[in-house]
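Each remark here refers to the structure printed beneath this line.
The values are calculated or read from the model by the stated rules, or taken from the named source; none is laboratory data. Small disclaimer: the values here were computed from a predicted structure and weren't measured. Neighbour counts run over all protein chains shown; Cβ positions are idealised from the backbone, glycine included.
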Amino acid sequence: MSMNQGQPIDVLCVGAGTYDLVYSVDRHPEPDEKIRATSFIGCGGGPAANAAVTVARLGLQSAFVGYLGNDIFGKAHIEELQQAGVLTDLVARGEHSSALSVVMVKPDGSRALVNYRKPESFLTAGSVDFSIVDTRVILFDGHEPYISPALARSARQRNILTVLDAGSIHSGTEELVGLVDYLVCSERFGLDFTGESTEDKALDKLGAYAPNVIITIGDRGLVWKNGSDSGRLQTYTVKAVDTTGAGDVFHGALAACLAQKKEWLESLAYASASGALCCTKIGARLGIPFKEEVEAFIATQKGQPAKTVEKIKG
């Protein structure tokens, strides 16, 4: 799909696009050991790219900004994005290889991941023309560090909502922490960045950087701070087959809810359900649910403890 001048976009996703090589294994190999995979899948991946596909599958218009090489992996990935309905006009192509991830998934859904990206493939400041972009929300994953801070500052001036997917501490995420409206981070990021020992203490400290903060804590759900209110959301219970990409889907679904101006607690529950459904299939991209799947799943959870949102006065 192509982007027209001034075409409205619900969510612009800026960051990493990888190609994932996903192996199902009975166990992770020991040092110097060779093992045989029970199945294999190749598909597009990367936090921002997965979020863009999530937004599209939830029925909204998304666009992806990032780098994909002119190799077979970049070609396969951009075709995937376009087939999903993601606008790709702002994707940079080049001779540097596409980023690759090798993922090994065990029967319980836990996984090990190795990623490689050539440093030369990062987009340089001013290399992307955002003048044609009219978007409601911008989602950053921090993996395009030279273009993201200026875009985040510009978005604030234009009253465009911004979300940061902060999975780990690196220069890209550190610089964006104080520039976004919604800071959504992993437990590891929250504890490491603040130096605190619990997610509740980390949540309180991170409130000084962003007006809205979410810390995801795996199968224990999440804690959140929204203005003067805070609370926690229990996770949905599903049979996990592969947890890869669950966080990416959560972030994409949350951004989609923000674009639609959904109520805060409803947005948290919707994003949580979307991320949980991603865990039920092998391969992050293949596990991204469609709008109808999420709505049907939430409908079956009414009255269940897993959907309970605890709201605590901060």
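So here's what we get for this one:
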read-out: Of the criteria (1) in contact with a Lys or Arg (Cβ under 9 Å, 6 or more places away or on another chain); (2) touching a residue at least 40 places away in the same chain (Cβ under 8 Å), which one Lys225 fails; value: (1)
read-out: Long-range neighbours under 6 Å by Cβ, at least six apart or interchain, first residue among the basic types (Lys, Arg) and at pLDDT below 95 within the stretch 252-264, second assigned to a loop (DSSP other than H, G, I, E, B) and crowded, with 22+ Cβ neighbours inside 10 Å; value: none
read-out: Test: residue in the stretch 123-144 that is within 30 Å of Ala240 (Cβ to Cβ), in contact (Cβ under 8 Å) with a residue 12 or more places away in the chain, in contact with a Pro (Cβ under 8 Å, 6 or more places away or on another chain) and surrounded by 14 or more Cβ atoms within 10 Å (Cβ to Cβ); value: yes
read-out: Residue satisfying all of: in the stretch 160-172; at pLDDT below 95 and surrounded by fewer than 19 Cβ atoms within 10 Å (Cβ to Cβ); nearest to the chain's Cα centre (by Cα) among these; value: Ser168
read-out: Any hit, the stretch 202-214, residues being surrounded by 18 or more Cβ atoms within 10 Å (Cβ to Cβ), in contact (Cβ under 8 Å) with a residue 24 or more places away in the chain and of a type in the set (Ser, Thr, Tyr); value: no
read-out: Pick from the stretch 218-253, criterion under 19 Å from the mean Cα position of the chain (by Cα) and hydroxyl-bearing (Ser, Thr, Tyr), ranking: surrounded by the most Cβ atoms within 10 Å (Cβ to Cβ); value: Thr244
read-out: 2 or more residues farther than 23 Å from Ser148 by Cβ: qualifying strands (runs of 3 or more DSSP E) within the stretch 35-112; value: 39-45, 99-105
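Here's the yes/no breakdown for (1) free of Cβ contacts under 8 Å to residues at least 24 places away in the same chain; (2) buried (at least 24 other Cβ atoms within 10 Å of the Cβ); (3) aliphatic (A, V, I, L, M):
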site	(1), (2), (3)
Leu21	no, no, yes
Gly44	no, yes, no
Ala56	no, yes, yes
Phe64	no, yes, no
Leu68	no, yes, yes
Gln83	yes, no, no
